[in-house]
Amino acid sequence: MSKKPLPHPHIEHKTGFLPAVIWTSAALFYLYEYIVRVAPNVMFSELEAAFQVNSATLSTSIASYHYIYAPMQLIVGILFDRFGGKRLLVPATLIVAIGCIIPTLSTNTLWTLTIGRLFMGFGSAFGFVGVLYVATVWYPPQRIAFLSGLTTALGMLGAMMGTTMLSRLVDNVGWKHSWEIAGVTGLFVAAILLIAIPKPPAWEQRRREMYKKEEKKNNFLIGLFIVLKNPQTWIIGLIGGALFLPLSLFADLWGIQYIMNVSNVSKIEAANAIAMLYLGWLIGSPIAGWFSDFCGRRKAPLFWSALASGTLFSIMLFFPSIPFFYLCALLFISGILCSSEVVTFVAGFEANQKYLKGTAMAVVNMIITIVGGLCQPVVGYILVFLGKNRLIEKSTSLLAVSNDYRAALIILPAILFLGAIICLFMKETFVKNNSYD
């Protein structure tokens, strides 16, 4: 959809204390939804026991979050353009809060957890895009890149809080009360958004009117088809999916279970180790973006990051006796390396026509999310298959269980190496002095 930027009268209103309050309230929702996203990681065994299902069935239910989150990325941008921030962020927060409560209603059927995760994924789909939308309304263009990086950092902070603080909460009050607390917290976040985000300013109202007129002239589906038809979109999206897998597969779901079984440590210790992966990502994200711009390359940083991180995760899996301190260090370095995934969003819109940059980034984000959503239950099914073989062989030792986790998670370095291979088919997208307009 081709649109000319609308001039902003009263530009002085886009500085000062008020924009900071508005952006912070929106960012609070993104922080909250990221905690909810990773929550099942710290209560996986408790959920298995409560719903009386195996790891494959449970991981498929949990992954339903991604199955609704991914396609929603294609339309949330359009909805924000049409309806604005407050009308969407407040209901989205309430939907996530309701999703947290639903699994606590009954453990007689896994559908309560599945429906709850669908609610969480649907509401969370508005998080990242919503924060950036609010930033574009209330801040001048030269600050958006910084706020985008800060938003990503907040997401990683939410993930760290979700793995460390929530693991202690689950141990102290149980998984049900933990979800209930998360639900009530969502109500408070929604109230903050309702109070803190004001009516759209005059310049934003005029921009919406322009959008409605442009919408009549241009068909969004045509632009979407152009982006989807471009092979480079899929290549870049798959590379991003591979680099994001250490978070979506390992940190968000299976990492704590793996570390507990392989390193024989407590849940809290395992959560602290996972937090190191998030910390590496938090630090590495802005550095990766800066380095890509500095060296004038997109392809090379992505290739070497995928190759190096695949090697590090291979070391982790093939040498399970690695001391716990070195395991934490390895995860921290892996987080820094894989954070180059943020470059794929830039490469995505550079590989497509400029007027489709929003659509291109949405499609790349969708592909990245789908990769993680598909891989999460695969690990569960492998664990179930290996567990049945152990029952036949009557082998229930801790070593046998840890070997199952190592074998199931071999898909993590395998897909990272595959991502490096796919990089060879990617065209360099960096253009010097590209304004992205």
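Under a model in which nothing but the beta-carbon of Lys, Arg (+1) and Asp, Glu (-1) is charged, the chain shows a dipole of about 1240 debye around its Cα centre. Potential lengthening of the chain between Ala153 and Phe319 amounts to 56.7 nm, from the contour at 0.36 nm per residue minus the alpha-carbon distance. For the chain, the longest principal axis of the alpha carbon atoms and the long axis of helix 398-408 meet at an angle near 40°.
Label-to-label distance for Met165 and Ile287 is 2.6 nm, based on points extended 7 Å past Cα in the beta-carbon direction.
Can you give the local net charge around Asn172? Use residues other than it whose beta-carbon is closer than 15 angstrom to its beta-carbon, Lys and Arg +1, Asp and Glu -1. For residues surrounding Asn172, the net value is 0. Taking 7 Å steps out from each Cα toward its Cβ at Thr107 and Ala300 produces label points 5.5 nm apart.
Straightening the chain between Arg206 and Ala329 buys 39.2 nm, computed as 0.36 nm per residue apart minus the Cα-Cα spacing. Restricting the calculation to Cα atoms, segment 13-124 shows an Rg/Rh of 1.07 when the hydrodynamic-style radius is the Kirkwood one.
If R0 equals 25 Å, the separation of the Cβ atoms of Val173 and Ala49 corresponds to a calculated FRET efficiency of about 0.95. In this calculation the C-beta distance from Lys427 to Ala196 is compared with R0 = 41 Å, giving a FRET efficiency of 0.40. For the modelled label position 7 Å from the Cα of Leu374 along Cα-to-Cβ, which residues of segment 240-261 have backbone nitrogen atoms closer than 18 Å? Within reach of a label on Leu374: 240-250. Candidate values (1) 96, 26, 17; (2) 64, 34, 25; (3) 36, 26, 19 were compared with semi-axes √(5λ) of the Cα gyration tensor in Å computed on the shown model; the agreeing label is (3).
Values quoted throughout were computed directly from the atomic coordinates according to the rules given, and no laboratory measurement underlies them. Everything quoted here is computed from the prediction, not taken from an experiment. Reconstructed Cβ throughout: ideal geometry from the backbone, glycine too, with neighbour counts over all protein chains shown.
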